[in-house]
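Notes follow the structure.
The values are calculated or read from the model by the stated rules, or taken from the named source; none is laboratory data. What you see is a predicted model, and the numbers here were worked out from it, not measured in a lab. Counting neighbours? That spans all protein chains shown, and the Cβs are built from the backbone with ideal geometry, glycine included. Quick note on the areas: whole protein, heavy atoms, side chains included, nothing else; ligands and nucleic acids left out. Shrake-Rupley method; radii C 1.70, N 1.55, O 1.52, S 1.80 Å.
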Amino acid sequence: MTAIEIPGYLIRREIGSGGMASVYLALQTSLERDVALKVMALGLAADPTFSKRFLQEARMLASLAHPNIVQVFDVGVTQSHLNYFSMQYLPGGDFAHRVAAGISEKDLVRVLEGVANALGYAHQRGYVHRDVAPGNILFDINDTPLLTDFGIARAISQAARITSAGISIGTSHYMSPEQARGGEVDARSDLYGLGVLMWFGLTGKPPYEGADGFAVSYAHVFEPVPQLPAAQARWQPLIDKALAKDPADRYQDADEFVAALGTVDLRAAVPAVVDADATTRIMRREEVAPPVAETLTRIGAIPTLEQSISASKPVAQSRRWIPWGIASIGVALLVMVGYAMLSDTEPAPTRAPLSATKSAGSGGAAVPEGTEREQAAPVQDASARSPLPEQTSDDGMPIDALPAVDEEPIDMAKVPTVVDPVVELIRLARIDLAGQRLTNPARNNAFERFSLALRIDPKDKAAKQGIVDTAAAYQELADKSWEAGNVAEFVDYLDKLEDVASTVPEGASLIAAANARRTRERDAFFAKAETAAGKWDKPAAREAYDKVLALDPANAKARAGLQAVDRIGMPGFVFRDKLSGGGNAPELIVLDAAIAVARRETTRGEFSRWWRAAGQRQFAGKDPSCRDRESVFRSSRKRTWQAPDIVQDDSHPVVCVSFAHAAAFAAWLSSESGHRYRLPTPAEWEQLAGRQPAASCATANLADSSFKRSFESRAGGSCDDGHAATAPAGSFPAASGIFDVDGNVREWVAACGKGSPLTSNCREHAVRGRSWMSVAERESVAQVDGYGDDVAANTLGFRLVRDLGN
């Protein structure tokens, strides 16, 4: 016994110890199960560094739910400051013992594949084990290899490490060259360790040996890859690649290593070559049992009935004889009762009990009159019998003490019967469910036991409810992962929920709720991504899009958004600013590092929003004189932006607006968005005009046959673009992502007169470009005019630019 006390655990004996912690075999009293209890050395508990490493291992293991990784059940600190965690008890020994006892090449492949899958799972979650050694590969009662001892593992991308750079951590015989040098390690370092395990399994010894740890480490770094005996040469390509000195020359991930294992021709296996210097002969065991078919799912293999019964035998091993003992008695009693009942139903009278049988003549048995005579052995007096050893039943009860068939009637309700396998499976499954063994370890978990019970009795309601409860347990785990901010784990648990719940119709509601939760969280991350992109916060946008894809990997919109993140702020990037009152500013495109320009002229719909919010109060009774087709003779204050004497809707560019209207609209947008909007300078507008192609009815809205018919004009082109006056903004092809710089409406620019720098004392402002009434043969896109403050026209509108960097 040990003096250490951990509440909830009855410690039986120490089964391992090291400089940092000791491991005990203990009984977890609440669940009556054996566990391996790892307890940190009390002398190290006061050191925060060691406590952190110890808890890191526990949390790391607890986060890795894989059939080939040891399972953590509980983590805690006692009142006496003992750090501990309990985990799966693995009584099957380690890989070193397995090799010493003799391992077939087929079994070696199975073990290596299981460990590789465990490492691949850990690598995908960002962890490197760094100590892949035979002593850290243990076996459970089902002979499943499990990876353990993550005490020196660390996150691949971890910035602040508990161990310092330049210090080699691990077991020298199994560490990679970069690990031996104290350099940076990644997943390929663990794959090197797998190569060493492969060599060990084939030869019974490590690939490099030396007088001390330094000599072994030196060999890993500088010595060539050793060569296998000729009989095992088909393994040499795998050894060469796995033990390559340069990580770039090794297998790059666990899947590649597993695929390479599948290429080994096991049919060519021969007995191992015995090394004369080896202390242990490596035996080869022949595999004689054929593989048993299994049903594969994403959460593992659902076992056959035979496999599960076999796997269930070790449970409560110390009491496994009880059900069979009871069953034996029950069967014996049932046979006796059946015989008695059969005798009672005979048409002839009941024969006399043995005690009433009389001797007749020369040893014959006397029988009542009227019955057929039965042949019977002479009955001897009990005192004359030969002494026989006392016989007992399975429960230790003397057989002579069992009730005689013709004594008092038996109460059949009290007769013990064979244990109902469905009831027993459900009982064990409920224990697994309480212990969070939902879908692993293989064979001994809640889901597989409930599923097997349902195979035996497809109508069993308790088994169906058990599967639903198992799925619900994954929902609880998913909720906890979400609260911890672990989206990948959240998704993994929901996937397992769906896998479990989909096996019974009663799980449909859980699946629907899980899918609705995915959609809700996905949409929330979408909103975060778009908000961050709108603020040009690339890291936040990328993180949010990544989480959308974690929840919905096939989401095309998120993939497009993720690709667009890298273009944020670059020339050609299209975006909208959010306004404080709700909604968005006009669509902008980045022109260069200094400005972004509106892709379209300001529309009536955009202008009307400002008019309702502020413009109407600011300009009440101050409408400018709006000219029809820029004629001074057709000027009227009754003609306004809302009634411009041409056919328009909210998609058309606003016209009949003065320079003051345009400047006020820009000031309002600046206030609402927090960014500076303004009219373009003449130089900026000319930069836009320089991107325009040669004008035609297909590229710009200029005076054409539609214009001539509507306004009875002789001037204009013979082509017809379908618009007599303005066209909806963006109706014609964009040039460099910008619409209608040429045609549709002329535009106000920030200049005094026809091009002088803008001042507060200007009485006239510049207008650039051509409009829907411009005749291509007479005017060019470089057309310049100036209008007074109180003048507008139904051919004149504006577009804005936004300064970047604010």
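At 7 Å along Cα-to-Cβ for each site, give me the label-to-label distance between A540 and R559 in nm.
2.7 nm
Which order, highest average first, do 180-192, 556-568, 51-63, 22-34 follow once you tally other Cβ atoms within 10 Å for each residue and take the mean per peptide?
In descending order of packing, they fall as 180-192, 51-63, 22-34, 556-568.
State the answer as a single residue: which of G195, Q227, G262 lies farthest towards the positive end of the charge dipole of segment 192-265, with beta carbon charges of +1 for Lys and Arg and -1 for Asp and Glu, about the Cα centre.
Result: Q227.
For segment 692-806, what are Rg and Dmax over the alpha carbons, in angstrom?
15.1, 50
Cut-off under 17 Å on the C-alpha distance; same-chain residues fewer than 8 positions from K622 excluded. Which lysines are left, in chain and number order?
K638
To the nearest 10 square angstrom, what accessible area does C697 show with a 1.4 Å probe?
Rounded to the nearest 10, that gives 30 Å².
Mind ranking S86, S760, S502, S217 by accessible surface for me, highest first, 1.4 Å probe?
Descending order: S760, S502, S217, S86.
Which of the lysines could a cross-linker span from K461 if the Cα-Cα distance has to be under 28 Å and same-chain partners fewer than 8 positions apart are dropped?
Qualifying lysines at Cα under 28 Å: K313, K414, K496.
Could you work out the pair-distance distribution P(r) of segment 451-526 from its alpha-carbon pairs, with 10 angstrom bin width and percents rounded to whole numbers?
21, 46, 23, 9, 1
Can you tell me how segment 686-730 classifies by the Cα gyration tensor, rounded, prolate or oblate, using a/c under 1.5 as the rounded cut?
The shape class here is prolate.
Given a 1.4 Å probe and heavy atoms of the protein chains only, how would you sort E209, E764, largest accessible area at the top?
E209, E764
Kindly identify segment 498-598 as rounded, prolate or oblate by the Cα gyration tensor criterion: order the square roots of the eigenvalues as a ≥ b ≥ c, call it rounded if a/c is under 1.5, otherwise compare a/b with b/c, prolate if a/b is larger, else oblate.
Prolate, because a/c is 1.5 or more and a/b exceeds b/c.
Compare H66, H129, H173, H81 by solvent-accessible area with a 1.4 Å probe and give them largest first, with all protein chains kept in place.
H81, H173, H66, H129
I'd like the FRET efficiency for Q783 and S718, computed as 1/(1 + (r/R0)^6) with the beta carbon distance as r and R0 of 25 Å, rounded to 0.05.
E between Q783 and S718, to the nearest 0.05, is 0.70.
Over segment 187-254, average the accessible area per residue using a 1.4 Å probe and give it in Å², no decimals.
Ligands and nucleic acids excluded, the result is 38 Å² per residue.
Just to confirm a number: summing +1 for Lys and Arg and -1 for Asp and Glu over residues other than G507 whose beta-carbon lies under 13 angstrom from that of G507, what do you get?
-2
Leaving out ligands and nucleic acids, note down the accessible area per residue over segment 535-690 with a 1.4 angstrom probe, in whole Å².
It amounts to 48 Å² per residue over segment 535-690.
Above 23 Å lies some portion of the pair distances; for segment 11-100, what is it as a whole percent of all C-alpha pairs?
24 percent
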